[in-house]
Amino acid sequence: MDERERGSIREALKQLPCELIITTLDTGDYILSSETVVERKRGDDLVASIFDHRFFLQLIKLKSIFPQPILMLEAPERMFERPFTNENAVYGALIYAAYKIGIPIIRPLMKLDLQR
């Protein structure tokens, strides 16, 4: 788990029967195995990363290192908080990530503390 990840998710992971190593990761937020990594994005952070061109660079890097990267999208309702956010651009980026880059997009099953 990347050490910059904060909030209730860290505590939740500590309760699981798994080995939790907290360190600074170069790519992704959670490395689940040698093949699977999770990149966690909150809705507003997703939009910011799309418009400052980090989003696709991050995903392409994840895909080049891990055969099965996953994008976890939290609080998608926050994607359109910023004025003048183009909905088509945001949804187009998500479709491109899923379809062209081949990265599944999931939502957490429980509400998480979104503080980082």
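The values are calculated or read from the model by the stated rules, or taken from the named source; none is laboratory data. These numbers come from a predicted model, not from an experiment. When we count neighbours, we look across all protein chains shown, and the Cβ atoms used for this are built from the backbone with ideal geometry, even at glycine.
Each row is one residue, and each column tells you yes or no for (1) free of Cβ contacts under 8 Å to residues at least 40 places away in the same chain; (2) surrounded by 14 or more Cβ atoms within 10 Å (Cβ to Cβ).
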{"site": "ASP52", "(1), (2)": "yes, no"}
{"site": "LEU57", "(1), (2)": "yes, no"}
{"site": "LEU62", "(1), (2)": "no, yes"}
{"site": "GLU77", "(1), (2)": "yes, no"}
{"site": "PHE80", "(1), (2)": "yes, yes"}
{"site": "ASN88", "(1), (2)": "yes, no"}
{"site": "TYR91", "(1), (2)": "yes, no"}
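Looking only at residues that are assigned to a helix (DSSP H, G or I) and out of contact with any helix residue (DSSP H, G or I) (no Cβ under 7 Å at 6 or more places or on another chain) in the stretch 39-50, which one is surrounded by the fewest Cβ atoms within 10 Å (Cβ to Cβ)? Explain how you work it out, then say what you get.
To start, the set of residues in the stretch 39-50 that are assigned to a helix (DSSP H, G or I) comprises 43-50.
Within this subset, residues satisfying the condition of being out of contact with any helix residue (DSSP H, G or I) (no Cβ under 7 Å at 6 or more places or on another chain) are 45, 48.
Details: ASP45: 19, ALA48: 15.
Taking the candidates together, the pick is ALA48.
Is at least one residue of the stretch 3-17 surrounded by 15 or more Cβ atoms within 10 Å (Cβ to Cβ), modelled with pLDDT of 90 or more and not polar (S, T, N, Q)?
no
Could you please find all residues in the stretch 51-66 being under 11 Å from the mean Cα position of the chain (by Cα) and assigned to a loop (DSSP other than H, G, I, E, B)?
Answer for the stretch 51-66, where residues must be under 11 Å from the mean Cα position of the chain (by Cα) and assigned to a loop (DSSP other than H, G, I, E, B): there is none.
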